1. If I histogram all Cα-Cα distances within the chain using bins 5 Å wide from 0, what percent of pairs lands in each bin?
2. Could you tell me the relative contact order of the chain? Use alpha-carbon pairs under 8 Å, at least six residues apart, and round to a whole percent.
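Bear in mind that the values in this text are calculations on the coordinates, not laboratory data. Here the structure is a predicted model, which is why all the values come from computation and not from measurement.
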């Protein structure tokens, strides 16, 4: 799995990037519940800012 923050390759199942520490676990939108891709700043479904 590649980190969306720095591009480093990480082991499958890793929760955080071994190079930059960015979370590798997907998040969901707090407004509508849609799945957000790693590194997303806004929800593609409703436009709410990701936290």
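1. Taking all Cα pairs of the chain, the binned fractions are 5, 24, 28, 16, 16, 10, 2 percent.
2. Result for the chain is 22 percent.
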